[in-house]
Ligand SMILES: [Zn+2]
């Protein structure tokens, strides 16, 4: 039985760090566990220019410099910045961003379907409308990151949220790939059997990849509805059936070079997360690496963990995997406390014992 594993320091291909006090509170949890992370641009206002991305990156680096959590911890963490595919994003800005004008390169552009999730009000209703920008991204090799859900039908009515990803895979993604045969595309937070089927068939390094969250590996609808709806794991795409979860677990642990970790850690204040009109997004950076390890262990796939969390992601983005390592040990622990911002706001990670869904004991921990 393996009870210790050392891997190259991981790469988080999908994280939300927010801004201000929330950013200062949550960023150290990513920076201590991950070598680099692809930082999502759906802040308010959205990051859709190179200058805005540079300012945002500076805020992240400043927060790490002044962090109490990081006292005595050396971190070389590098945030890799993205831009939001708003109607204001121009082909000229893509070109500037791709070459790293002003010393900062942009690593990807993220598409949110209008209205589907947190701060998605600036997204296109139909991504294929963004012709000139997509063409330029294809030309310069800028990856497109997809929140792959259809939220509204052609009459502007909401689709069943459990069907959003299936509809996107059946209709939008094939058209996008056909129209832009060289565009680099990542289907983010794959959550359904239909997405797994599509990626298994069409996934290819450098062309079409997919990321997987710990939340979609851990949970299905049975937990989401255990004793009332459990807003702790409310996110888009919604967690789905046990069959969907099994399929996502299966593809994640196969060792495919075009499937890798993106935590989608997305913190919200306690007051919003547990209100009746609760927000989309699951905060998981304090436990994500441990949960990935636990699931790979359960499925007898620890030998595939390093490529999934530390190697495939950097390859897609054209950066080197980390030269540092991190060691995890098989030892039970629990998370009992929220992260608290310097303004006194509480943020609860998944798998906490207070708002938990049962089975909150985590079986792996970082050797510190
Ligand atoms: Zn996200």
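The values are calculated or read from the model by the stated rules, or taken from the named source; none is laboratory data. Because the structure is a prediction, the values reported are computed rather than measured. Neighbour counts run over all protein chains shown; Cβ positions are idealised from the backbone, glycine included.
Pick out the one residue from 284, 202 that is surrounded by fewer than 19 Cβ atoms within 10 Å (Cβ to Cβ) and in contact with a strand residue (DSSP E or B) (Cβ under 7 Å, 6 or more places away or on another chain).
Only one candidate qualifies: 202.
Determine which single condition residue 177 fails, assuming it passes every other condition in (1) free of Cβ contacts under 8 Å to residues at least 40 places away in the same chain; (2) over 18 Å from residue 40 (Cα atoms); (3) assigned to a loop (DSSP other than H, G, I, E, B).
(3)
What tally of residues in region 106-156 results from selecting those that are modelled with pLDDT under 95 and touching a strand residue (DSSP E or B) at 6+ places or on another chain (Cβ under 8 Å)?
Count: 11.
Within region 252-270, work out how many residues are in contact with a helix residue (DSSP H, G or I) (Cβ under 8 Å, 6 or more places away or on another chain) and buried (at least 22 other Cβ atoms within 10 Å of the Cβ).
10
Could you list all residues from region 272-286 that are under 15 Å from residue 354 (Cα atoms) and away from the ligand (no atom under 16 Å from the Cβ)?
Scanning region 272-286 gives a single hit, 274.
Say whether the condition of being in contact with a helix residue (DSSP H, G or I) (Cβ under 6 Å, 6 or more places away or on another chain), farther than 26 Å from residue 271 by Cα and within 16 Å of the ligand (Cβ to nearest atom) is met by at least one residue in region 65-72.
Scanning region 65-72 turns up no residue that is in contact with a helix residue (DSSP H, G or I) (Cβ under 6 Å, 6 or more places away or on another chain), farther than 26 Å from residue 271 by Cα and within 16 Å of the ligand (Cβ to nearest atom).
Which residues, taken from region 354-368, are under 24 Å from residue 68 (Cβ atoms), touching a strand residue (DSSP E or B) at 6+ places or on another chain (Cβ under 8 Å) and at pLDDT below 95?
Residue satisfying the conditions is 367 alone.
Tell me the strands (runs of 3 or more DSSP E) entirely within region 51-167 that contain at least 2 residues that are over 23 Å from the mean Cα position of the chain (by Cα).
none
Yes or no: residue 100 at pLDDT 95 or above and over 30 Å from residue 220 (Cα atoms)?
no
Scanning region 221-237 for residues that are outside any helix (DSSP H, G or I) and surrounded by fewer than 20 Cβ atoms within 10 Å (Cβ to Cβ), which turns out farthest from the ligand (Cβ to nearest atom)?
227
Of the residues in region 287-314, how many are within 16 Å of the ligand (Cβ to nearest atom) and more than 11 Å from residue 10 (Cβ to Cβ)?
0
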